[in-house]
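Contents: one structure, followed by commentary.
The values are calculated or read from the model by the stated rules, or taken from the named source; none is laboratory data. Just so it is clear, the model here is predicted, and its values are computed rather than measured. FYI the Cβ positions are ideal-geometry reconstructions off the backbone, even for glycines, and counts take in every protein chain you see.
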Amino acid sequence: MGLAPNTVEAYARALEDYLNYCAGRDLTAVGASREDIATYVRDLATRTSRRSLNVRDSVAGLSNATLRQRLTAVRLYHDYLVEEGLRPTNPVGRGSDTPGKGFAGARNRGLILHFHKLPWIPNDEQWRAIIEAARQLPIRSRLMLALSYDSALRREELCSLKTDDIDPAHRLLQIRAETTKNRQSRVVPYSEPSSDLLGAYLPQRRELTRGRGRLFISESCRNLGRPISIWTWSKVVRALASRSDIPQFSTHTPRHLRLTDLARSDWDIHEIATFAGHRSIQSTLLYIHLNGRELTQKIARGMAEIHAWRIKMLEGLLK
């Protein structure tokens, strides 16, 4: 279907989890009922994810997005079983979240409600702590962190950068369509500090390999000279989160922060969507996290302008 490899892998893990659940309870996917699916969802909702174990004040259960992804994989698998004639109906409901409706058959409500949570982004003090901790990282990892913020890069986009994707004269990055989530290419800028980090990193890269290709090369003895993987970068970020004592920090946090900072700078939502590589501004809206104080300040500024305009209009009564 042209989905990204990581998406296919995520669906595979979800299906494997469901099949293991069935095997552990002497069930078969062919004979699974609506009640069995509901019980599986309850099992998912009461688990503790590995990530939540590292986050203080977390609650048991997988995230809403993970629950929906798991159930989507199960629904697609049962669609396959129906198409193959192995079972007559799909026990997994689909449709919109219509209050008061059931989750299967001709009814509209999905089995799992869809919640949109604000993304976590660090405050100024937390960001300083992250940067301070990053100062101890190798130059390659510092450059990766800087670019992930500057250009609002996804993890796959960052690790897939090639030497040919860089325009150092204009400080631009070409994000190739095949590396993006929605197969949409874009050109994004990066800052002068990132340019300086890049200049310091390239001589080190040449010591590992003189070949063109992937920009970021492994320095470990095990994979020396080979392109680093997204999992390697995830490990670096987890270590950085631990060192800075900010466990919520993830590979996606710099992207969230960058897009929010653009909104704070009064960028138009369509401009931010273009920068982020989103097809829909609805996706962009999920990334932007303006806190209550910032919204209050915007309202105050706006009301002050309106008030000044009305007072100006009242001056006309004196004439």
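Key figures for this structure:
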{"quantity": "Residue within the range 106-114 that is under 30 Å from Arg186 (Cβ atoms), surrounded by fewer than 16 Cβ atoms within 10 Å (Cβ to Cβ) and at pLDDT below 95 present", "calculated": "yes"}
{"quantity": "Leu224 vs. criteria more than 20 Å from the chain's Cα centre (by Cα), in a loop (DSSP other than H, G, I, E, B) and at negative phi", "calculated": "yes"}
{"quantity": "Tally, over the range 186-215, of residues that are in a loop (DSSP other than H, G, I, E, B) and free of Cβ contacts under 8 Å to residues at least 12 places away in the same chain", "calculated": "2"}
{"quantity": "All positions within the range 198-213 that are crowded, with 18+ Cβ neighbours inside 10 Å and either of a type in the set (A, V, I, L, M) or under 30 Å from His278 (Cβ atoms) (or both)", "calculated": "Leu198, Tyr201"}
{"quantity": "When residues of the range 117-155 are limited to those that are over 18 Å from the mean Cα position of the chain (by Cα) and aliphatic (A, V, I, L, M), the one farthest from Ala65 (Cα to Cα)", "calculated": "Ile139"}
{"quantity": "Every pair of residues 6+ apart whose Cβ atoms lie under 6 Å, when the first sits in the range 149-175 and is at positive phi while the second is surrounded by fewer than 21 Cβ atoms within 10 Å (Cβ to Cβ) and part of a strand (DSSP E or B)", "calculated": "Arg171/Pro189"}
{"quantity": "Subset of the range 179-202 (residues that are more than 17 Å from the chain's Cα centre (by Cα), of a type outside the set (A, V, I, L, M) and under 28 Å from Leu3 (Cβ atoms))", "calculated": "Ser185, Arg186"}
{"quantity": "Selection count, the range 173-197, where residues are touching a Phe, Trp or Tyr at 6+ places or on another chain (Cβ under 8 Å) and either crowded, with 19+ Cβ neighbours inside 10 Å or modelled with pLDDT of 95 or more (or both)", "calculated": "2"}
{"quantity": "Some residue of the range 128-145 being at pLDDT below 80 and either among the charged types (D, E, K, R) or within 30 Å of Arg206 (Cβ to Cβ) (or both)", "calculated": "no"}
{"quantity": "The range 158-171, residues that are over 22 Å from the mean Cα position of the chain (by Cα) and outside any helix (DSSP H, G or I)", "calculated": "Ile166, Asp167, Pro168, Ala169, His170, Arg171"}
{"quantity": "Verdict on Ser242 being surrounded by 12 or more Cβ atoms within 10 Å (Cβ to Cβ), at pLDDT below 75 and of a type in the set (S, T, N, Q)", "calculated": "no"}
